[in-house]
Amino acid sequence: MLPPQARSAETPTHRTHTAERGSFAYARCTCGWSGPARRARDRARQDADEHQAPRPAAR
């Protein structure tokens, strides 16, 4: 996670990446979110994309 002094209005709230631990891949975000461990790297990337996607407003 970025230290508070490194954050600015130009820094996106969510910056995701994938990481590997053994034979599993998982998505991580600068906001502290971490996706589930996946055997497929593509599924971990999809988890990251879904995390970054804007959510519809609740009614």
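The values are calculated or read from the model by the stated rules, or taken from the named source; none is laboratory data. Because the structure is predicted, anything quoted here is derived from the model rather than measured. SASA here: full protein model, heavy atoms, side chains in, ligands and nucleic acids out. Shrake-Rupley method; radii C 1.70, N 1.55, O 1.52, S 1.80 Å.
Using a probe of 1.4 Å on the protein chains alone, the accessible area found for residue 34 is around 60 Å².
Per-residue accessible area (protein heavy atoms, 1.4 Å probe) orders 42, 47 as 42, 47, starting from the largest. Note on residue 51: accessible area is roughly 20 Å² with a 1.4 Å probe, heavy atoms of protein only.
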